[in-house]
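Structure record follows, encoded as structure tokens.
The values are calculated or read from the model by the stated rules, or taken from the named source; none is laboratory data. Computed from a prediction, not measured in an experiment: that's the story for all the values here. Quick reminder, even Gly has a Cβ in these numbers, built from the backbone with ideal geometry, and neighbours come from all protein chains shown. For the accessible areas, the whole protein counts, side chains as well, though only heavy atoms, and no ligand, DNA or RNA atoms are used. Shrake-Rupley method; radii C 1.70, N 1.55, O 1.52, S 1.80 Å.
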Amino acid sequence: MAYKSVKKYEAFKENPFIEKAIEDIKVIRKTQVMRSKNRDEIQMIVNSDGEVEGHTAFMKFVEVDEEKFAKVYLSQFTAFWELPKSAIRVFGFIINVLKPKKDEFYLEMTKCLEYTQYKHPKDVLSGLSGLIECGIIARSDSHFKYFINPLVVFNGDRVTFAKTYIKKKKEANKSQLDLFQEVEVLPSAKPKKAVSSDKTQKIMESKRKRHEANSSELGAVGKK
């Protein structure tokens, strides 16, 4: 794989893998049987001969991630086939610093060099480029911060993570809607009624007649 500078890859404000991950994470429902540890609280099921055939228990439905989890998800393992050696080493460092329930990590160059046993940062940057090229991580718009692809690797329960993400997004959308509804809409000024040309002419004619009448009255008074 030809080396490409990390800075030439697109930088994102939010994790670009999340939306697809939410759609693709497979969830199945399983049943957990819960029994009381206190024998005195257990109700026995006894047949007509007095033999115990069973006892009561509670069942709880839980949602679990269907895919096998071992830091790296097996269904996405092919993403590693084309990775150069430097990317494999850097990925090993990422797994070690990846915090539970987080879809991001910060790369500390000194620690990464120590883990990968490289002497020059260029080797680490080359590894990062390889991981970005294969869609395992993505750049962020913050220095040294990178996003991970939860479909490939995740430290924790992806179902809980997905639900939390969806909940936060709904709350954010609701806040924006509430803010929009609270904005006061100022009433617009009522437009002045347009006066037709015929009506204007009648008004002017009426004023002219009143003026002539007043002038005639003044003339008559002067003659007297």
* Go through segment 98-123 residue by residue and tally those that are more than 12 Å from VAL153 (Cβ to Cβ), open to solvent by less than 100 Å² (accessible area, probe 1.4 Å) and either touching a His at 6+ places or on another chain (Cβ under 8 Å) or not acidic (Asp, Glu) (or both). => 8
* To do: Consider LEU151 carefully, then state whether it is out of contact with any Asp or Glu (no Cβ under 7 Å at 6 or more places or on another chain) and buried (at least 16 other Cβ atoms within 10 Å of the Cβ).
  => no
* Asked: So LYS202 fits all but one of (1) modelled with pLDDT of 85 or more; (2) outside any loop (DSSP other than H, G, I, E, B); what number is the exception?
  -> (1)
* Asked: Are any of the residues in segment 77-93 open to solvent by less than 80 Å² (accessible area, probe 1.4 Å), assigned to a strand (DSSP E or B) and either more than 30 Å from LEU113 (Cβ to Cβ) or at pLDDT 75 or above (or both)?
  -> no
